[in-house]
1. Given the options Val62, Ile9, Pro52, identify the residue whose Cα lies farthest towards the positive end of the charge dipole of segment 1-69 (+1 on Cβ of Lys, Arg; -1 on Cβ of Asp, Glu).
2. Note the angle between two axes, namely the Cα long axis of helix 88-100 and the longest principal axis of the Cα atoms of the chain, as a number of degrees from 0 to 90, rounded to the nearest 10.
3. Between Gln105 and Asn32, what is the label-point separation in nm under the 7 Å Cα-to-beta-carbon projection?
4. Hey, quick one: spin label on His67, modelled 7 Å out along Cα-Cβ, who in segment 145-180 has an amide N within reach, i.e. under 18 Å?
5. Could you tell me what percent of the accessible area of the chain is made up of carbon and sulfur, with a 1.4 Å probe and every protein chain present?
6. Classify segment 68-144: rounded, prolate or oblate, from the alpha-carbon gyration tensor (a ≥ b ≥ c, eigenvalue square roots; a/c under 1.5 rounded; otherwise prolate if a/b is larger than b/c)?
7. Expected output is a single nm value to one decimal: the length gained when fully extending between Gln138 and Ile171, i.e. 0.36 nm times separation in residues minus the C-alpha distance. What is it?
8. With a 1.4 Å probe and every protein chain left in place, work out the accessible area per residue of the chain in Å², rounded to a whole number.
Amino acid sequence: MNNLKKWKILKSKMVLDNPWCQVRQDEIELPNGKIIDDYFVSIKPDVAMILPITSNREIIFVRQYRHAVGEFFLELPAGNFDPAKESAEVAAIRELREETGYIPQKFRKIATLYDKPSKDTNQIHLFLAENVSKVGEQQLDITEEIEVVFIPVESVLDKIIQREISVAGTIAALFLGLNLLNY
């Protein structure tokens, strides 16, 4: 490991700078001296994701359409946030409230992971919310149409195996969070 070297950025320019999508093109020199002039990096905001569990040992999921692959997915409540404007903790509780109408009685951090560090800049901040209770209705963004789905803790592994739950960040949060709780 000590012989590994970082890539050297020779030039960098923003080739797409839109509020919804930012892409940077880097010219890099690899440790072996080779030059790559078109290495593209997606500049993405961090994500706060929350694993909400009810007092009845049910996990609250959201089912929503994901346009990039044209399918519906069962995921844990999550959303983008700007760390300069709010903390990951505040963003996670806000997303849970907005997407489901629930808030936690007990709340703690599980982990911070990188999503796809080969091409993306963002991190996923994972949280565990226990004894969640409903306090109101959903407060969805204009791009959101979300169905709230309750799944017993005991059924989650089967749902993953059957590919009913297939989003990597959600699966990571489930395994880490349920392991933390010794479920």
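1. Pro52
2. Helix 88-100 and the main axis of the chain meet at about 50 degrees.
3. 5.9 nm
4. 145-147
5. Details: 5820 of 11300 Å².
The value for the chain is 52 percent carbon and sulfur by accessible area.
6. Values: a/c = 1.75, a/b = 1.25, b/c = 1.40.
Judged from the Cα gyration tensor, segment 68-144 comes out oblate (a/c at least 1.5, b/c at or above a/b).
7. Values: separation 33, 0.36 × 33 = 11.88 nm, distance 2.36 nm.
Contour length minus the Cα-Cα distance gives 9.5 nm.
8. On the way: 11300 Å² over 183 residues.
I get 62 Å² per residue for the chain.
The values are calculated or read from the model by the stated rules, or taken from the named source; none is laboratory data. Every value quoted in this text rests on a predicted model; they were computed, and no experiment measured them. Positions of Cβ are backbone-derived with ideal geometry, glycine not excepted, and every protein chain shown enters the neighbour counts. To get the accessible areas, we keep the full protein, side chains included, count just its heavy atoms, and leave off ligands, DNA and RNA. Shrake-Rupley method; radii C 1.70, N 1.55, O 1.52, S 1.80 Å.
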